[in-house]
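Reviewing the structure listed below.
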There are 2 protein chains.
Amino acid sequence: MSATTFPPRTTSAEIELGKTLQPKFGSDGLIPCITQDVATSQVLMFAFMNAESLAKTLSTKKATYWSRSRNKLWVKGEESGNVQLVRELRTDCDQDVLLLKVEQTGAANASCHNGYKSCFYRKLADLDDAALKLQFTAERLFDPATVYKKK
Amino acid sequence: MSATTFPPRTTSAEIELGKTLQPKFGSDGLIPCITQDVATSQVLMFAFMNAESLAKTLSTKKATYWSRSRNKLWVKGEESGNVQLVRELRTDCDQDVLLLKVEQTGAANASCHNGYKSCFYRKLADLDDAALKLQFTAERLFDPATVYKKK
């Protein structure tokens, strides 16, 4: 995989029931990507890819996203060491979403910049609580201050 | 839950490590939502919610999205009968994504309009294959032609 172009979108039937990846990048060039732990199916994070990051993900087998805040390619774990090794790539029915299954690596084995295994570390404590209180469901695996350098 | 308004976004610290749901709806009023099977953690689908659909999801416990193609509230399963009963709602670190854990119900127990349990029924057969061939990973649970009426 060296190309950063992907097959053109063809017919709805081909997109939905065909056997070729034809990812739909939005008008901003991005496609949403859900990332799961390959072993446990825990959803680790949600981010975006552009064609270049998808191509790089496939060629390196390291999950590579597009950082909208920094406006640049983002090799997950390049700073923290918590690299995601890609084991599987899926797409949905209309091929406008990607799903990665990864082996989360690194000393802390954490996906979230806040030091948690998954970014989804809080849930509504009670679905009927109008105060919308969140409950933490996980322990921190690292202290962000010791992992990320101040810039 | 009757309100269709949610708490205002406060500080980054409160959003990322606080205990109140402060969902970020984009400039289009929408927030992405990942939906998982509560029992197996399989990712079933990906869709969007607006404030009204999130409020309705919480009040009815039936996953209710915003259909961008039809530009209206979309009670999942209202036509096919494959309703999703909400068991848990999570958010991510910066609260701009939601994660639902649901019990998928209905005769076919399928999330996808193409008749599959999950919308993510295809994977790349080989991550190194430049032809980007997809492999089906699931069997169809229903025939869409018999479930959805032509309109």
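The values are calculated or read from the model by the stated rules, or taken from the named source; none is laboratory data. Nothing here was measured: the structure is a model prediction, and the numbers come from that model. All Cβ positions, glycine included, derive from the backbone under ideal geometry; neighbour counts span all protein chains shown.
In table form, for the structure just shown:
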item: Any hit, segment A:82-91, residues being within 11 Å of chain B (Cβ to nearest Cβ), free of Cβ contacts under 8 Å to residues at least 12 places away in the same chain, farther than 30 Å from B:Leu58 by Cα and not hydrophobic (A, V, I, L, M, F, W, C); result: no
item: Matching option when the condition is among the acidic types (Asp, Glu) and closer than 20 Å to A:Leu89 by Cβ, among B:Asp96, B:Asp129, B:Asp143; result: B:Asp129
item: Conditions (1) facing chain A (nearest Cβ under 10 Å); (2) at negative phi; number of the one not met by B:Leu132; result: (2)
item: Any hit, segment A:7-28, residues being at positive phi, at pLDDT 95 or above and touching a strand residue (DSSP E or B) at 6+ places or on another chain (Cβ under 8 Å); result: no
item: Segment B:40-56 - residue that is more than 16 Å from B:Gly29 (Cα to Cα) and of a type outside the set (Gly, Ala, Ser) and, of those, farthest from the chain's Cα centre (by Cα); result: B:Thr40
item: Every residue from segment A:18-60 that is among the hydrophobic types (A, V, I, L, M, F, W, C), farther than 22 Å from A:His113 by Cα and at the interface with chain B (Cβ under 9 Å from one of its Cβ atoms); result: A:Leu21, A:Leu58
item: Restricting segment A:65-103 to residues that are modelled with pLDDT of 95 or more and acidic (Asp, Glu), the residue that is farthest from A:Thr35 (Cα to Cα); result: A:Asp94
item: Answer residue from segment A:108-151, given it is surrounded by 12 or more Cβ atoms within 10 Å (Cβ to Cβ), of a type in the set (A, V, I, L, M) and more than 21 Å from B:Asp96 (Cα to Cα) and is modelled with the highest pLDDT among those; result: A:Leu141
item: Among (1) under 27 Å from B:Leu44 (Cβ atoms); (2) outside any loop (DSSP other than H, G, I, E, B); (3) within 11 Å of chain B (Cβ to nearest Cβ); (4) hydrophobic (A, V, I, L, M, F, W, C), the one test that A:Phe6 misses; result: (2)
item: Leading residue by the ranking (surrounded by the fewest Cβ atoms within 10 Å (Cβ to Cβ)) among those in segment B:10-38 that are in a loop (DSSP other than H, G, I, E, B) and in contact (Cβ under 8 Å) with a residue 40 or more places away in the chain; result: B:Gly26
item: Total residues in segment A:1-17, condition under 26 Å from B:Asn114 (Cα atoms) and either among the hydrophobic types (A, V, I, L, M, F, W, C) or out of contact with any Cys (no Cβ under 6 Å at 6 or more places or on another chain) (or both); result: 11
item: Residues of segment B:39-92 classified as acidic (Asp, Glu), over 26 Å from B:Thr20 (Cβ atoms) and buried (at least 16 other Cβ atoms within 10 Å of the Cβ), total; result: 0
item: Residue that is surrounded by the fewest Cβ atoms within 10 Å (Cβ to Cβ) [pool: residues in segment A:93-107 that are within 25 Å of A:Leu21 (Cα to Cα) and out of contact with any strand residue (DSSP E or B) (no Cβ under 7 Å at 6 or more places or on another chain)]; result: A:Asp94
item: Matching residues, segment B:110-140, being free of Cβ contacts under 8 Å to residues at least 24 places away in the same chain, in a loop (DSSP other than H, G, I, E, B) and not aliphatic (A, V, I, L, M); result: B:Tyr121, B:Asp126, B:Asp128, B:Asp129, B:Thr137, B:Glu139
